[in-house]
1. Å³ per residue of the Cα convex hull, for segment 1-101?
2. Measure out, as a whole number of angstrom, how far apart the alpha-carbon centroids of segment 1-77 and segment 105-160 sit.
3. How far apart, in nm, are the 7 Å Cα→Cβ label points at residue 29 and residue 55?
4. Return the sequence-ordered ³J(HN,Hα) values of segment 200-209 in whole Hz as given by the Karplus equation 6.51 cos²θ - 1.76 cosθ + 1.60 applied to θ = phi - 60°, using x for Gly and Pro.
5. How far is helix 68-81 tilted off the main Cα axis of the chain, in degrees rounded to 10, range 0 to 90?
6. Determine which lysines satisfy two conditions relative to residue 236: a Cα distance under 27 Å, and not lying fewer than 8 residues away in the same chain.
7. In the calculated pair distance distribution of segment 124-284, what percentage of Cα-Cα distances lie above 18 Å?
8. Taking θ = phi - 60°, what integer Hz values does the Karplus form 6.51 cos²θ - 1.76 cosθ + 1.60 yield along segment 235-245, in sequence order, with x for Gly and Pro?
Amino acid sequence: MSRIAYVNGAYVRSDEAGVSINDRGYLFADAVYEVWSVFDGRLADAEGHLNRLDRSLKELQIMQPMTRAALLNVLNEVIRRNRINEGMVYLQISRGVAPRDHVFPSHTPPSLVITARPVDRDAAARKAEAGIRAISAPDIRWGRCDIKTVGLLPNVLAKQAARERGAGEVIFVDQDGYVTEGGSTNVYMVTRDGVVKTRPLNANILPGVTRLNLLPIIHNSDLSLREEAFTLDEAKAAAEVFVTAATSLVLPVVAIDDHRIGTGAPGPVALSLREAYIDQARRTAGS
């Protein structure tokens, strides 16, 4: 069936949808986005993503296109019209359409686009059971990675380099040798004595919603959790490394720069946390 998109007030076929060439998201990457997982036809971690969206819009001084209740109705209608049971929803809000000028336009309504697609959960599970390889790269992104903007060219180039080397993710490293995050994920390591570490949030780290919901699961388990920076060398020497995002959920990393992590196979901590996160996401989806 043809996919259905929501574009500025209308539900249209995706292959017929379009935005203006003067949209500031196209001209300046002057836009933010969010991605939700969909479980059993319902949005996962809905409030967390909406809260982060609100913050991103506020940081860039972009107007809300509609109330939260109205936006939820549109998101759920896109899911319904596309008959998504297991899948993803993508939302993008730009500052709107205006003649090209760096300064903000006055009285310009924001542009809103929402799309959805199915996800093969069985294939995703097989990927997690095998784990992925990663490469490292210098973190050359802008200093406000805490805002979820569409300005992702450094991420695109780094993830392309990872693909060309047969890897599934890139791990960014700052100038002091510390891991910041992945190309589209938050990064964690498990020490040899079973402590889970992930870098604390700051301007260089996106506040991942999957991260937000996974940390309490770790707290309530038998695992120890430390939000502290760790180096690339520490990650390579770890018992386990894994990444999280709405697109990948919890995904084990079995090698970095061709260096085997632990046994070279997905570890029990990552796999158990993946199972626990998915169980919680399914139980709470739509709430």
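1. Working: hull volume 9.8 nm³, N = 101.
So the per-residue Cα hull volume is 97 Å³.
2. One Cα centre to the other: 15 Å.
3. 2.0 nm
4. Here the 3J(HN,Hα) series is x, 6, 7, 5, 8, 10, 6, x, x, 6 Hz.
5. Between helix and principal axis, roughly 80 degrees.
6. Partners within reach: 127, 159, 197.
7. For segment 124-284, the fraction of Cα-Cα distances above 18 Å is 54 percent.
8. Rounded to whole hertz, the list is 5, 5, 8, 6, 6, 8, 9, 8, 10, 9, 5.
No lab work stands behind these numbers, since they all come straight from the coordinates. This structure is a prediction, so every number in the text was calculated from the model and none was measured. No Cβ is skipped: glycine too gets one built from the backbone with ideal geometry, and neighbour counts run over all protein chains shown.
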